[in-house]
């Protein structure tokens, strides 16, 4: 841009310099003659003409503009302004702000107070720079990054300027008008060097606190996104890049929470590494190593905009997003036109893993998720603008949030591809975090409370589950985690949030994450005589939160082993795999005739997926499947139709009836949690084919999958279904054996074989035997370990037949003496 020079003391230059000095940003940028010329000749006339649209309804302060539109309109006057903004952002943004203030000043009445200086905020600046690509060559340049917030500090006041009075001659003490005004560059406090009052050269000053001007400041830390497909391979073994962001100004603070994805445009700054660590001694100041941070110009919370609804308007000038959206739409339409979209998507998921069609379908249902009621409400509000509908939508938004994510657990013998399927799920999910259970901590999974280095102020730092908000958290080696880590996941899996109350800080973070976990049996191979909880060492409350539990058992099968080895060798030779027979060897369900859990439905679904995969010539790539999943999660919110709802209700009632008939009097293992799981899974099944209505066929597939999962979790070594195995920490046979051993040890201690029913219940409680103890006593009676009879004194009780003591009431101890000893032990 060429300018016509004015005189240094000309009115045009002076008015620009006067307006220039009003800015309180603390960046100490001098106003040059060229700056005044650019403002006078270019930017100010532009704001009065073509750029007037950006000043509409602007009253000073932050002026938020869309970067693409702003550059396009301004480029008509001065050419391509993008490089100037990127290379010299401080100068150009100051020039534009001064020009906007000069235009506003002309329309304000003289008696009206001047508005605050205009600060231009460039929203959605392009191009976005990868966080890992920030190097020393971008210092003092404008960049835009997309990253995940991992730490959020408190909002604090930052003094930008203040007045000082002389401590010797008291200049400015009585009249602040004559006080010495100082501006603090980038928050660095400094007093005047010497007094300006006549012959007084004092170096001691008093701060006039009433004259200080403050602005809100907040520091956050962002980390490169973990959902980038390249991160899983190219950045393996590297620590994810993190960057501190300084947010100065009311419009930039409290814009995000840990776990949110943000787009930050700002200027890259550097600060002395020792000073950043809190040291200010002379030796620290002599160090040449610097630390990079980002001075934010604008922050866009992408997570909150996505939560506001899929109908959020995009910039009409963002051509790249429009092209990407068209490509996504073309891909989705192509998949939906396929004759069997479900088989195509299942076959495209981890194609190098042989078999496991139902497990792959379960993991995909967890990735696609159910219908987010708030997002669906937002779509309904857009479709129906009536006042009544809006009131209903507002009430729905304020109601208790119901989780829409499904959790999946895969348990099985080593070497069956569990970890590889989890890696594939992390690569397919639009947003995912992959962790290993034996290398994580409780705070690393949930949230931790840290302290800032200089001030010691508390700051929240997000863990893996919070970072996976609105995505998936894939946890491998789930069995290697301790009970404390498992307990930390209970709230996140059901309430979809994590609460923390520590060191006076009480906060709640969103954790709307699908937990996809894989675990190996504790003994090395799965033991059917034990329950899932015993094999993986999980608590019953945690196990009940998983919507689907799959068991993979490596049973010997020559035919399957031959096909599996052929598949592996063909994959290494670059050939397509042959037929895909079932990998999971089904067991007899052991259900009585008329049971609601036949195996034919699951076999039919598995066979349908296998046949559909064999008929495919090619499958979707990982990137295409990830794009499809991202598009459907944003745009598709299916609802249940009447037939699907009736089928799900019928299945739920049948499962409850079967459970009550199989174990009358016991705690009911089938609850409304299973019904909600069926609804979520049915919605995800419709999402896979991008349909807005959940049909009866969707419900039928989900019912088959759920029955298959329940059967796996409840089938014992004898092949019979025991529903108590799903909610209890131990199987019924295990509980009977444990109670028998406890009674034997108690009889040895009391030296008496006699027990009352209350005594048996107390022994069971102390020994951690849950469930209906009276039913266990009946089983011990049937097995002749206990006998209900009178002792020598005529008192009714239970006699342990395996006890080595006799039954005489005088020599071996009667029931009455046993009761007295028991009471004495309790009192003691």
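Some values worked out for this structure:
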| item | result |
| --- | --- |
| Protection proxy ranking, peptides 173-185, 289-301, 501-513, average beta carbon neighbours within 10 Å, highest first | 289-301, 501-513, 173-185 |
| Quarter of the Cα convex hull surface for the range 484-564, i.e. its orientation-mean projected area (nm²) | 7.6 |
| Estimated FRET transfer efficiency (residue 191, residue 242; beta-carbon r; R0 41 Å; 0.05) | 0.75 |
| Linear extension gain, residue 156 paired with residue 529, 0.36 nm per residue minus alpha-carbon span | 128.3 nm |
| Relative packing of peptides 55-62, 458-465, 125-132 - highest average C-beta neighbours within 10 Å first | 458-465, 125-132, 55-62 |
| Taking 46, 754, 796 and counting other C-beta atoms within 10 Å, the order from fewest to most | 796, 46, 754 |
| Pairwise FRET efficiency - residue 168 versus residue 420, Cβ, R0 = 56 Å, nearest 0.05 | 0.15 |
| Using a Förster distance of 35 Å, the FRET efficiency for residue 59-residue 305 (Cβ separation, nearest 0.05) | 0.90 |
| Full-stretch length increase - residue 639, residue 450 - with 0.36 nm per residue and alpha-carbon distance subtracted | 63.8 nm |
| The range 51-181: translational diffusion in µm²/s, Stokes-Einstein, Kirkwood Rh over Cα pairs, 37 °C, 0.692 mPa s | 179 |
| Label-point separation, residue 200 to residue 565 (7 Å along Cα→Cβ), nm | 9.8 |
| q = 0.27 Å⁻¹: log10 I(q)/I(0) that the Debye formula gives for the range 132-213, counting C-alpha atoms only | -1.27 |
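Only the coordinates and a few stated rules stand behind these numbers; no lab work does. If you're wondering where the values come from, they're calculated on a predicted model, not measured in any experiment. For neighbour counting, all protein chains shown are included, and Cβ atoms are generated from backbone atoms with ideal geometry for every residue, glycine included.
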